[in-house]
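Visitor: Here it is, the structure, as structure tokens.
The values are calculated or read from the model by the stated rules, or taken from the named source; none is laboratory data. Bear in mind the structure is a predicted one, so any value in this text is a computation, not a measurement. Using ideal geometry, Cβ is built from the backbone for each residue, glycine included, and neighbour counts are taken over all protein chains shown. Each accessible area value is taken on the protein alone, full model and side chains, heavy atoms only, with ligands, DNA and RNA left out. Shrake-Rupley method; radii C 1.70, N 1.55, O 1.52, S 1.80 Å.
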Amino acid sequence: PKVLCVVGARPNFMKIGPVIRALKGAGMAAPLVHTGQHYDEAMNDRFFADLGLPRPDVNLEVGSGSHAQQTAEIMRRFEPVLDDLAPQALLVVGDVNSTIACALVAAKKGVTVVHVEAGLRSYDRAMPEEINRVLTDQISDLLFTTERDALANLTREGIDPARVHFVGNVMIDTLVMNRPRAVPATATLEAVGADFRTGYALVTLHRPSNVDDPVVLARLLGGLAEIARQTPLVFPIHPRTRARIEAAGLMDRLDNARTVLLPPAGYLEMLGLMAGARLVITDSGGVQEETTALGVPCITVRENTERPITVSEGTNTVVGTDPALLLAAWRDVLASGGKTGRIPEFWDGKASERIASILYQHLR
Ligand code: UD1
């Protein structure tokens, strides 16, 4: 059988490598299409190199745009590619615009749609990814979940449980495989002249709800500046976030000797920075899971999470965007060392193998 795999944006790249390897290992063909949603050297090429991903067979080169433009352009360019490659199944991962766009094209052509990382719900429709998750799951034939709660979310939406398989987390497959190759944090920090051997907090921010509104952004950066007085910050900045901070004239909040701004980190660099951090402050979905897998305390600056297992079993605390709550959580980490947790079920490096064996049974 032939299973066409799609990636588009940074959070897809760290999920697809082990899946492709496992599909091929099980005797299936697994060509790769890149939509080109993320295209920068720092957002794209570094990840392909770090993760040893195969060169995409096709790159649709859609680039940036409004959600409608980006989604529509991916669909328009993907349709002839799907016709040409004629796979039995299309496999999409995660919740980005590339995920829903390609799934929708395939579903209408009667191609089996496979969604990896199905059933996660923040129950916040203001989040573009939530819309992508709900719709992709509705049109998927096979749904692979990372945590058991996802099944209840899916059955509530009328999805037949027979289509749903709990397999674990493919992003953690990548983490397990690459952990020994991580770039040590000391090397990354020394390269920019920083010596944070006494401990640092790693920061990532890019959610539209946090960075698009200058008032919310200013409050968050104010909280971070307060933390930096005591705990040095390491902040690899997403291009979208840098643009918003500059447009809002807020760059000065980060201008102090205890804050190091980095370009978006590569995968192996980021893994080392997370593993070496005293705590991580983030609004990313993937980072909430990676810190749980690494056992590093994580403070999530969002009102909700679609990944509740990182809170119930892992090291994650969801505090919202009120700086007072962020500071309280940070003080708690300083005082107690922060939340400890356990590794969730099936976050064991073998999720992709489970997916490949179920898919093979299904398609042959
Ligand atoms: C997308 C995903 C989000 C994911 C994030 C990780 C959707 C709806 N959102 O959001 O789930 O967490 O990626 O990065 O798909 N840009 C560059 N270089 C690039 C890519 C983007 O400069 O390589 C700029 C774009 O010009 C744009 C901004 O970053 O202004 C946002 O990019 P976009 O892909 O639209 O969405 P993200 O916010 O990155």
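Visitor: What is the Cα centroid distance between segment 171-220 and segment 310-345, reported in whole angstrom?
Guide: 16
Visitor: How many angstrom lie between the C-alpha centres of segment 75-111 and segment 22-39?
Guide: 12
Visitor: Which sequence of R331, R240, R10 reflects their accessible areas, 1.4 Å probe, from the largest down?
Guide: Accessible-area ranking of R331, R240, R10, largest first: R331, R240, R10.
Visitor: What angle do you read, to the nearest 10 degrees and between 0 and 90, between the alpha-carbon axis of helix 214-228 and the longest principal axis of the chain?
Guide: The angle comes out at about 60 degrees.
Visitor: Considering Cα pairs under 8 angstrom that are at least six residues apart, work out the relative contact order of segment 161-236 and quote it in whole percent. All intermediate terms of the calculation are to be shown ahead of the outcome.
Guide: Working: 30 pairs, mean separation 24.0, N = 76.
After rounding, I find 32 percent.
Visitor: Within the set of other residues whose C-beta is less than 13 Å from the C-beta of L268, count the net charge using Lys and Arg as +1 and Asp and Glu as -1.
Guide: 0
Visitor: Just the accessible area per residue of the chain, please: how many Å² with a 1.4 Å probe?
Guide: 40
Visitor: Could you work out, for the chain, what percent of all Cα-Cα pairs fall into each 10 Å distance bin, beginning at 0 Å and stopping at the bin that holds the largest distance?
Guide: 5, 25, 35, 24, 9, 2
Visitor: Next question, about the same structure. How much net charge surrounds D40 when only the other residues with a Cβ under 12 Å from the Cβ of D40 are counted, with Lys and Arg +1 and Asp and Glu -1?
Guide: Combined, the nearby Lys, Arg, Asp and Glu give +2.
Visitor: Determine how large the accessible area of M251 is when every protein chain is in place; take a 1.4 Å probe and give Å² rounded to the nearest 10.
Guide: 50
Visitor: If a/c stays under 1.5 just call it rounded; otherwise compare a/b with b/c (prolate if a/b is bigger, oblate if not). Do that for segment 146-207, with a ≥ b ≥ c from the square roots of the Cα gyration tensor eigenvalues. All intermediate terms of the calculation are to be shown ahead of the outcome.
Guide: On the way: a/c = 4.76, a/b = 2.60, b/c = 1.83.
Verdict is prolate for segment 146-207.
Visitor: Got a sec? Charge dipole of the chain, +1 on Cβ for Lys and Arg, -1 for Asp and Glu; which of G8, L359, A118 is way out at the positive end?
Guide: Farthest along the dipole direction, towards plus: L359.
Visitor: Now for a separate question. How large is the dipole of segment 98-254 about the Cα centre if only Lys and Arg carry +1 and Asp and Glu carry -1, each at its Cβ, rounded to the nearest 20 debye?
Guide: Result for segment 98-254 is approximately 120 debye, rounded to the nearest 20.
Visitor: What angle do you read, to the nearest 10 degrees and between 0 and 90, between the alpha-carbon axis of helix 285-294 and the longest principal axis of the chain?
Guide: Compared with the principal axis, the helix lies near 70 degrees.
Visitor: Please work out how much accessible surface D252 shows to a 1.4 Å probe, ignoring ligands, DNA and RNA, in Å² rounded to 10.
Guide: Ignoring ligands and nucleic acids, D252 comes out at about 100 Å².
Visitor: Binning every alpha carbon pair distance of segment 226-364 at 10 Å from zero, what are the percents per bin?
Guide: P(r) over segment 226-364, rounded to whole percents: 11, 35, 34, 13, 6, 2.
Visitor: Could I ask something else about it? Once you have the alpha carbon radius of gyration of segment 177-270, what is it after dividing by 2.2 N^0.38 Å, with N set to its residue count?
Guide: The reported ratio for this selection is 1.11.
Visitor: Taking 1 over the mean of 1/r across every pair of different Cα atoms in segment 1-84, what Kirkwood radius in Å do you get?
Guide: 13.3
Visitor: Which order do you get for E147, E157 if you rank them by accessible area with a 1.4 Å probe, largest at the top?
Guide: E157, E147
Visitor: Here is a further query. Cα-based count: Lys pairs in the chain below 18 Å, eight or more positions apart or different chains?
Guide: Close lysine pairs under the 18 Å cut-off: 5.
Visitor: Tell me the Kirkwood radius of segment 7-146: reciprocal of the mean inverse pair distance over distinct alpha-carbon atoms, in Å.
Guide: Values: mean 1/r = 0.0662 Å⁻¹.
Computed over segment 7-146, the radius equals 15.1 Å.
Visitor: What shape does segment 277-348 have by the C-alpha gyration tensor, where a ≥ b ≥ c are the square roots of the eigenvalues, rounded means a/c under 1.5, and otherwise prolate means a/b greater than b/c and oblate the rest? Walk me through the numbers before you get to the answer.
Guide: On the way: a/c = 2.11, a/b = 1.36, b/c = 1.56.
It comes out oblate by the Cα gyration axes.
Visitor: How charged is the neighbourhood of N256? Take every other residue with its Cβ under 14 Å from the Cβ of N256, and add Lys/Arg as +1 and Asp/Glu as -1.
Guide: Charge balance in the 14 Å sphere: 0.
Visitor: Using just the alpha carbons, could you tell me how many Å³ per residue the convex hull of segment 116-240 encloses?
Guide: On the way: hull volume 19.6 nm³, N = 125.
Taking only Cα atoms, segment 116-240 has a hull volume of 157 Å³ per residue.
Visitor: Largest first, how would S140, S66 line up by accessible area (1.4 Å probe)? Walk me through the numbers before you get to the answer.
Guide: Numbers: S140 0, S66 55 Å².
Greatest to least solvent exposure: S66, S140.
Visitor: Identify, among G276, G249, T259, the residue whose Cα sits farthest towards the positive end of the charge dipole of segment 243-290, taking +1 on the Cβ of Lys and Arg and -1 on the Cβ of Asp and Glu, with the dipole about the Cα centre.
Guide: Most positive-ward Cα: T259.
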